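Working notes for the structure below.
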Amino acid sequence: MTFTNILSCPVELQQEIRNWRNHNEIKKNMYSDHIISSDEHNQWLTSLHEASTNHVYIAFNDDIPIGLVSINNYKPLWSTADWAFYLNPNYLSHKGLGAALEYHFLNFIFNTFKLTKLNCEVLETNPLVVKLHQKFGFMIEGIKRKNIIKDNKRIDVVFLGILYEEWIEKRPYLEKIINRI
């Protein structure tokens, strides 16, 4: 699996990402769930040219774009960042693909950005991803109760984090599992 900066990808693929972002199965697990217009999507892409704290990558498996991963709030001074990912909607039913993406991305992010700590936020309505992150060594660090509104209902946001040394300890065990997928 490889990760390519979205800005280095062909324009057609950059534009296809808007369809991913607007897919119902993706939107339901994101903070915002409105239809993203072409203009809004292009403004987001333009903002990535200027943002040194945010990086967006497309994950490829055998040259097939299978997901998107974003790094946000990258703080080199503290060697911390936040991350989020989603799969290409065409591959949501591929069992184990999310785990494979997470494994390979954790290797990539810790090696490329030399992080001490990686954080993420998951909506309470997405418990499978909370459990997935925990299997990879993430610890629940807090919950912002009733923090956002989805489908006219207030829901919690779960905060998770993993330290580099926790990843290094967990990685050999997970590598065996990922190699079987």
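The values are calculated or read from the model by the stated rules, or taken from the named source; none is laboratory data. Just so you know, these numbers come straight off a predicted model, no measurement behind them. Backbone-built Cβ (ideal geometry, glycine too); neighbour counts: all protein chains shown. The area values use the complete protein model at the heavy-atom level, side chains included, leaving out ligands, DNA and RNA. Shrake-Rupley method; radii C 1.70, N 1.55, O 1.52, S 1.80 Å.
222 nm [θ] for the chain, helices only, -39500 (n - 2.57) per DSSP H run of 4+, per residue, to 500? Let's see the in-between values first.
Numbers: 6 runs with 72 residues, N = 181.
It comes out at -12500 deg cm²/dmol, rounded to the nearest 500.
Whole number in Å², please: accessible area per residue of the chain, 1.4 Å probe, ligands, DNA and RNA not counted. Numbers along the way, then the final one.
On the way: 10260 Å² over 181 residues.
Dividing the accessible area of the chain by its residue count gives 57 Å².
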**Item:** Rounded percent of accessible protein surface that carbon and sulfur make up, the chain, 1.4 Å probe
**Value:** 51 percent
**Complete:** Per DSSP loop assignment and a cutoff of at most 16 other beta carbons within 10 Å, the chain keeps its longest run without exposed trypsin sites (Lys or Arg not before Pro) at 115-181
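Name the shape class, rounded, prolate or oblate, that the alpha-carbon gyration tensor gives for the stretch 120-181, where a ≥ b ≥ c are the square roots of its eigenvalues, rounded holds for a/c under 1.5, and otherwise prolate holds if a/b is larger than b/c and oblate otherwise.
Details: a/c = 5.10, a/b = 2.08, b/c = 2.46.
Verdict is oblate for the stretch 120-181.
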**Dipole moment magnitude, nearest 20 debye, the chain about Cα centre, only Lys, Arg, Asp, Glu C-beta charged** = 620 debye
**Asked** Using every alpha carbon pair in the chain, what percent of pairs falls into each 5 Å bin from 0 up to the bin containing the largest distance?
**Response** 1, 7, 16, 20, 22, 19, 11, 4, 0
**Request:** Run the quick spin-label model on Phe85 and Ile155: label points 7 Å from Cα toward the beta carbon, then report their separation in nm to one decimal.
**Result:** 2.1 nm
**In the stretch 15-112, the chymotrypsin sites (Phe, Trp or Tyr not before Pro) that fall in loop regions by DSSP, at most 15 other Cβ within 10 Å** = Tyr31, Trp78
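Chymotrypsin sites (Phe, Trp or Tyr not before Pro) within the stretch 135-181: which are DSSP loop residues with at most 11 other Cβ atoms inside 10 Å?
Values: sites: Phe136, Phe138, Phe159, Tyr164, Trp167, Tyr173; in loops: Phe136, Phe138.
Nothing satisfies the criteria.
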**Request:** Return the distance in nm (one decimal) between the two label points of a simple spin-label model at Ser38 and Asn73, each offset 7 Å from Cα along Cα→Cβ.
**Result:** 3.5 nm
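Rounded, prolate or oblate: which one fits the stretch 4-94, using the alpha carbon gyration tensor with axes a ≥ b ≥ c (rounded when a/c is under 1.5, else prolate when a/b beats b/c, else oblate)? Don't skip to the end; give the middle numbers.
Values: a/c = 1.41, a/b = 1.32, b/c = 1.06.
Cα axes put the stretch 4-94 in the rounded bin.
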**Complete:** From the Cα centre of the stretch 38-91 to that of the stretch 149-181, the distance in Å is 17 Å
**Request:** For Leu128 paired with His94, estimate the spin-label separation in nm (one decimal), with each label point 7 Å from Cα along the Cα-to-Cβ line.
**Result:** 1.5 nm
